[in-house]
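Colleague: Pasting in a structure now, in structure tokens, and then I'll have a few things to ask.
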Amino acid sequence: MEDIDAHIETLMKCEIIQEDEVRALCEKAMEILEGEENVQHISAPITICGDIHGQYHDLVELFRVGGEIPETNYIFMGDFVDRGSHSVETFLLLVALKVRYPNRLALIRGNHESRQI
């Protein structure tokens, strides 16, 4: 994806990208995720995060305190959406970072990443 850095910059300001860009981003992420093994191998050191629940500003703070990608490896243990008021922005930022740095970020589905939610 040629505009991924621009998308990340936009999403880091808690702004939404255009619908066609979201669709392209999701298609690229699906391609990456479908090619991954069920068991993720990520080099240490690594920062493990869980239950973001759409708390966008907490996610940005995690990157500020823990280190930005690609300097820091991350595993997100699911529950990316649901309770916070910025679930879309939160998930899109994580997806964009996964597309840009596929070997530095692991996204593991939680119980909030289901068809019902």
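Throughout, read-outs are computed from the coordinates displayed, never taken from laboratory work. Keep in mind that what you see is a predicted model, and the values were worked out from it rather than measured. In this analysis, Cβ positions are derived from the backbone assuming ideal geometry, glycine residues included, and neighbour counts consider all displayed protein chains.
Colleague: Assign unit charges at the C-beta atoms only (+1 for Lys and Arg, -1 for Asp and Glu), then state the dipole size of the chain relative to its Cα centre in Debye, rounded to the nearest 20.
Modeller: 320
Colleague: Right, another one. Out of the trypsin sites (Lys or Arg not before Pro) in the stretch 1-103, which ones are loop residues according to DSSP with at most 16 other C-beta atoms within 10 Å? Kindly include the intermediate steps, with their values, before the conclusion.
Modeller: Working: sites: LYS13, ARG23, LYS28, ARG64, ARG83, LYS98, ARG100; in loops: LYS13, ARG83.
Passing sites in the stretch 1-103 are LYS13, ARG83.
Colleague: By how many nm would the segment from ILE42 to HIS57 lengthen if fully extended, with 0.36 nm per residue of separation less the alpha-carbon distance?
Modeller: Once the chain is fully extended between ILE42 and HIS57, it gains 2.9 nm.
Colleague: Which residues make up the longest stretch of the chain clear of GluC sites (Glu not before Pro) that lie in a DSSP loop with no more than 14 other Cβ atoms within 10 Å, not counting the sites?
Modeller: My reading of the result: 72-117 is the longest stretch.
Colleague: What is the mean projected area of the alpha carbon convex hull for the chain, to one decimal in square nanometres?
Modeller: Its average projected convex-hull area is 7.0 nm².
Colleague: Now for a different question. For ASP20 and SER85, what does the FRET efficiency come to when R0 = 25 Å and r is the distance between their Cβ atoms, rounded to the nearest 0.05?
Modeller: Working from the Cβ atoms, E equals 0.55.
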